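Below is one structure, written out as structure tokens; the observations come after it.
No lab work stands behind these numbers, since they all come straight from the coordinates. All values derive from a computational prediction rather than experimental measurement. Cβ atoms come from the backbone with ideal geometry, glycine included; neighbour counts cover every protein chain shown.
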There are 6 protein chains.
Amino acid sequence: MRPSGRNLSQMRPISIETGVMRHAEGSCLIRCGNTHVLCSASIEDNPPRFLKGTGLGWVTAEYGMLPRATNTRNRREATQGKQSGRTQEIQRLIGRSLRAGVDRVALGERQITIDCDVIQADGGTRCASITGGWVALRLAVNKLLEAGTLTRDPIVDHVAAVSCGIYAGQLVVDLDYAEDSEAGTDGNFVMTGTGRLIEVQMSAEGATFSRDEMAQLVDLAEAGIAELTAAQRAALK
Amino acid sequence: MRPSGRNLSQMRPISIETGVMRHAEGSCLIRCGNTHVLCSASIEDNPPRFLKGTGLGWVTAEYGMLPRATNTRNRREATQGKQSGRTQEIQRLIGRSLRAGVDRVALGERQITIDCDVIQADGGTRCASITGGWVALRLAVNKLLEAGTLTRDPIVDHVAAVSCGIYAGQLVVDLDYAEDSEAGTDGNFVMTGTGRLIEVQMSAEGATFSRDEMAQLVDLAEAGIAELTAAQRAALK
Amino acid sequence: MRPSGRNLSQMRPISIETGVMRHAEGSCLIRCGNTHVLCSASIEDNPPRFLKGTGLGWVTAEYGMLPRATNTRNRREATQGKQSGRTQEIQRLIGRSLRAGVDRVALGERQITIDCDVIQADGGTRCASITGGWVALRLAVNKLLEAGTLTRDPIVDHVAAVSCGIYAGQLVVDLDYAEDSEAGTDGNFVMTGTGRLIEVQMSAEGATFSRDEMAQLVDLAEAGIAELTAAQRAALK
Amino acid sequence: MRPSGRNLSQMRPISIETGVMRHAEGSCLIRCGNTHVLCSASIEDNPPRFLKGTGLGWVTAEYGMLPRATNTRNRREATQGKQSGRTQEIQRLIGRSLRAGVDRVALGERQITIDCDVIQADGGTRCASITGGWVALRLAVNKLLEAGTLTRDPIVDHVAAVSCGIYAGQLVVDLDYAEDSEAGTDGNFVMTGTGRLIEVQMSAEGATFSRDEMAQLVDLAEAGIAELTAAQRAALK
Amino acid sequence: MRPSGRNLSQMRPISIETGVMRHAEGSCLIRCGNTHVLCSASIEDNPPRFLKGTGLGWVTAEYGMLPRATNTRNRREATQGKQSGRTQEIQRLIGRSLRAGVDRVALGERQITIDCDVIQADGGTRCASITGGWVALRLAVNKLLEAGTLTRDPIVDHVAAVSCGIYAGQLVVDLDYAEDSEAGTDGNFVMTGTGRLIEVQMSAEGATFSRDEMAQLVDLAEAGIAELTAAQRAALK
Amino acid sequence: MRPSGRNLSQMRPISIETGVMRHAEGSCLIRCGNTHVLCSASIEDNPPRFLKGTGLGWVTAEYGMLPRATNTRNRREATQGKQSGRTQEIQRLIGRSLRAGVDRVALGERQITIDCDVIQADGGTRCASITGGWVALRLAVNKLLEAGTLTRDPIVDHVAAVSCGIYAGQLVVDLDYAEDSEAGTDGNFVMTGTGRLIEVQMSAEGATFSRDEMAQLVDLAEAGIAELTAAQRAALK
């Protein structure tokens, strides 16, 4: 039995509220159960230096967590003088994932920065950041299309992410913190709206897993991501 | 005329929503017009090292701002390797102000950290942080009283803050960003619920002001703070 | 009774020795009792980047303290990898205060940096830095006027500062360290030579004060600053 | 055709030379084609603080690259004040992978640090670090067994890693730099000597891949890793 | 001819004023021509950690320079986040030199920190720091002897330092900035009061020198250091 | 007797293997007994900024040590956020020494960076870095000459370095770690192939030495350096 009483393949309730930050070109508050992430998209007219003159755009991401998003207060990264390795790993993943759903030629020489700030954490914050970050990105790009700055839509597909893992010997989807902290094998899956894979990260802390288990975890992820992209569509209506 | 159409002595609408962060011992989301700050209180059973063995407690604060809380995206302090001088100045002010409303003997050897994270900024974020931070502190202390950990209430009075300044030659209260960025003289006032002063910071960037203007600004602040403490009381009911 | 035996409204002996650093465009050693600060002014022909093309000049300040300026050795900030929040707060105050006495159009596109290094500390170092820093600034501007680089004097008035506070229940001026470390309420006042206010910072560490006490502290400050501007005038003769 | 002329499933020549660092408890120089990594294992009698009193041991890793390991000189991380996000991500991966092959109870309360320093880089440095790091670890543990410090072997299986990816539309194993910098999809696979998975990281920079391609890449990895564990065995004889 | 008009073997005027910092256990202001350094000695009752339980004492040094000690303002190290390599090299030299004149058994388990802060620079600041630092050390140790904390004098000899170099083809002593910035070969010599060598640092920036020149430079240094130790003796009377 | 059984004036076996790093313009692995340093030279077509437009070239150096180059593992500088004072001191010495053997006009406006990474340490790593660094530099310059980029050879002489010191009362050359850690007086000597001095650094940690001892140490160094330049010549054949 899962601590939350969910079935093995049952996702947490998903809610995506758009337009929550008045200054951002796109924004949403995504809630996956008790994991809440504020996502915003900021457009800059200039691309990063390494893309000057290439005609290509860029999508990048930054990730943060409020000190008391967690059960016990964690130290503010700004007071520690640097982002942790974990934070950097997560924000690189978010940026890479979102870029896979963007036609960078159609975007043109501009940069969109997705900020994902975890307001409340209960497992799966990186996946919620990708799913919500895509909505913020979609809204910002809509603005560019509406303003006529862009004439061709650079977004080629939905991008969403979910975690799967082996908890107490069972294969489960969308792990909450209670499951995540105990799981032997733990994976994050990023997929498009049409079911293609963008990123697979499976890791067995002090354990191992079989090829068969791997395939079943991808099955679980595929079903979960279909629910997430449906929620994205609903929120954007 | 003020850009917002308010009267000279008119505050922005105040809203204080409590219990917004499930892990924190106390929390609220304070909205002063378009300035929104998430405040949480975290209790630690141990005081900071310099108070070990003194019987005294401590209240401290940290302040942050989401990158896209502002009109143009500002760089995340965690990626810059340090908190700015402005951030440090603000969080020292918040901590000092809240301590003035606390009986540190009654609090006993423990520390309460108030995190104030600006979700959206439109001027007056440090004042909103103090007013909202006090509510989070009050809620956390209530928990200690309810649990019987504390038997005597260490909170001696309300603490709230408001800005006043000289904008376009007029003395105004509760400046928004449009006013704040143009004001010649600019002040922050922290007061108790019974009208005593805790902190006065008046500053004339490239200008000066008279003693008479100073007195009138304190009058404005006094009235504004009465409204804020009323809002605190209402939120805690 | 004050630890030093001074009357409540009695300033410490003030001495300002000019021309003490052969390389600086302006310099002085200011002594307020046992607080000694070395102040220098350095002229740069270029303004900071944010003022390029505006026709405006800039005055900024940096503050430091020798490790053994204090009773027990304090750690050198250069070895700690950063300036403390307190140092940054002080140097921002000094810069802001001095700019209030300068016509930045008349100064033209150049920057003057005031370095204030505390050689010996006995309370009131930020006030001594402002009062001495103004003398260094005056001397540097004199050089520009004598050289014909400037034809109109950008300095519009004296700027000086003094502390006041409530020590042992009494309102006193120009607190030394023994008083400062015990005072419940503590304020720093920056004023012009003609008695206008530039900056008021009053703070009650763990206490509060009334509006009436506030007014009396400003009275004390006003008288003290008159003595300080007289000393500035004498030093510049 | 691959730039190196290799078949799609052809690994680069592997060479593992042991005992190359006289001070280390275990060491080897692993060469996978032109990628050369110096691996050492250092035993500390104390575990990290978070394991004190648990009876468990720890294996951790650090990764570095000489400035001129690459075609153009890259800046030394020590002069940049921090390890890059990429470096941290890699060394976390190496540590996690090696721990999956260790019985931490049998290791007891001690720590083994694996240093992987890339002397020359031509793609696949993190995989070579894991494969070579395991040999260094094996040698260090052998010393503990020979000395009688350990009586039960804490190493439960071989650990080795290889990259696979989609280069020019073809699925290939063990990518060199020329392939790696062009590949649309790129993966790193860590497996045990008995073919169980420890870590799968597949990433499509600006592209996507199908579940079928994913399965074929794992097939390639499995065959490659069998060659690598054979090379480990040969080196240890 | 030397820019200052001095003879080849002529030192600059030396002045050592003691007792200039009221809080320090020992202090002096040393002036070697236009090079002025403020030196203080601070006694701590505990030795650094690596000496706990050894019975040995420690003498260490820190070096700094006011931003406007030089002809053009140099950036404050505290704002740059670290001490430069040059600063660290100098303070290690000062500490090492002074320790050579101290019996660390007689000093016992305590630490004396010598702070050398350059108020005005005109070449030879590290040598002036050593010569003046020794006087501050001597005064601090005298206090320990007078108080009976020490019964045996741990100072075994004078320590002083001078620079020598080859300027415009001539071998000269005690180089000022005009000479130092042009000299092909440049050396710093630290010696005891009885003429034994403690440290020799000779360096030819982009040039070379012969063994015969080396010997002559040591002759010059020996004579100069005799003058410096005489000045130390005079100052301590 | 020396711990290694060598005679007082006997160098350790020297081996210099060239061309060990395929990407570098010049490289070698120098072995002085058990001290092994990997040296590479990287050519950049642009000089550092302070030399733009002067027609002069630059040679600089960076120094590092693998964590397990030493008997007990030392912390990686990249994880400590900065290079130690010792590292900076050493790399400044290497750069300065190599520049003394180069005609910077003939080199023209380009920069050559010498990286010296200690693979294994047993005393004398800075000297081995200079001797090996010169070989890497020589090879890189040869490439520029062969390519016709340079028509005149900017290298004017060999540069090599050796340590000498007083160990157990005896004057010895080329100290290994066992000697170095015990020596009272310790010196590093950098010389040209024709016997001219470039750098002399003699230091007596807690001791002193006489002028006569100094002269004998230079004699020892001179003989040792002749052996080193012979080894350089042999390696380059």
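Over the protein assembly as shown, the hull volume per residue, using the convex hull of the C-alpha atoms, is 207 Å³. All C-alpha to C-alpha distances of the stretch F:1-69, sorted into 10 Å bins beginning at zero, yield P(r) values of 16, 32, 27, 17, 7, 1 percent in whole numbers.
Kirkwood analysis of the Cα pair distances in chain F returns a hydrodynamic radius of 18.2 Å. Summing charges over neighbours of residue D:74, with a neighbour being any other residue whose Cβ is under 12 Å away from its Cβ, gives +2 when K and R count +1 and D and E count -1. For the peptide A:188-196, the mean number of other protein chain Cβ atoms found within 10 angstrom of a residue's Cβ is 2. Using the Cβ-Cβ distance between residue D:1 and residue F:54 with R0 set to 60 Å, the FRET efficiency from 1/(1 + (r/R0)^6) comes to roughly 0.75.
Averaging 1/r over every pair of different alpha carbons in the stretch A:4-115 and inverting the result gives a Kirkwood radius of 16.2 Å. Remark: spin-label model distance residue A:178-residue E:146 equals 7.2 nm, labels positioned 7 Å along the Cα→Cβ axis.
Where the only charges are on Cβ atoms (+1 Lys, Arg; -1 Asp, Glu), what is the dipole of the protein assembly as shown about its Cα centre, to the nearest 20 debye? About 0 debye.
Taking the Cα centre of chain D as reference, the dipole from Cβ charges on Lys and Arg (+1) and Asp and Glu (-1) amounts to some 620 debye.
Binning all Cα-Cα separations of the stretch B:101-213 at 10 Å, short to long from zero, yields these whole-percent fractions: 13, 37, 28, 16, 7, 0.
Relative contact order for the stretch C:14-236: what is it in percent, counting Cα pairs under 8 Å that are at least 6 residues apart? So the answer I get is 22 percent. Note on the stretch C:153-237: Cα-only Rg and Dmax are 13.7, 45 Å. Within the shell defined by Cβ-Cβ distances under 15 Å, the residues around residue F:45 carry a net charge of +2, with Lys and Arg each +1 and Asp and Glu each -1. With the simple model of a label 7 Å out from the Cα in the direction of the Cβ, residue E:156 to residue E:230 spans 2.7 nm. Applied to the stretch A:171-184, the Karplus parametrisation 6.51 cos²θ - 1.76 cosθ + 1.60 on θ = phi - 60° returns per-residue 3J(HN,Hα) values of 8, 10, 10, 6, 5, 8, 4, 4, 7, 4, 6, 10, 5, x Hz, with x for Gly and Pro.
Projecting the Cα atoms of A:178, A:192, A:149 onto the charge dipole of the stretch A:136-236 (Cβ charges, centred on the Cα centre) puts A:149 farthest toward the positive pole. Mean partner shielding of peptide C:69-77, defined as the number of other chain Cβ atoms within 10 Å of each residue Cβ, is 5.
Among the trypsin sites (Lys or Arg not before Pro) in the stretch C:72-104, those placed in a DSSP loop whose Cβ has at most 12 other Cβ atoms within 10 Å are C:75. Please report the spacing between the Cα centers of the stretch E:39-107 and the stretch C:177-237 in Å, no decimals. First find each Cα centre; the distance between them is then 38 Å. Remark on residue A:208: its backbone amide H falls under 5 Å from none of the residues 5 or more positions apart or on other chains, H modelled at 1.01 Å from N. Listed by Cβ neighbour count within 10 Å, with the fewest neighbours leading, D:185, E:192, D:125, E:79 appear as E:79, E:192, D:185, D:125.
Per-residue shielding of A:21-32, expressed as the average number of other chain Cβ atoms within 10 Å of the residue Cβ, stands at 3. Sorted from nearest, the other copies put their residue B:156 label points 4.2, 6.0, 6.0, 6.7, 7.6 nm away, the label point being 7 Å from Cα in the direction of Cβ.
Taking 14 Å as the straight-line reach from the Cα of residue C:82, the aspartates and glutamates in range (excluding those fewer than 8 positions away in the same chain) are C:62, E:77. Assuming a viscosity of 1.002 mPa s and a temperature of 20 °C, what translational diffusion coefficient in µm² per second does Stokes-Einstein assign to the stretch E:56-151, Rh being the Kirkwood radius over Cα pairs? Value of D from the Cα-based Kirkwood radius: 148 µm²/s. For residue D:237, a cut-off of 29 angstrom between C-alpha atoms picks up these lysines, skipping any fewer than 8 places away in its own chain: D:143.
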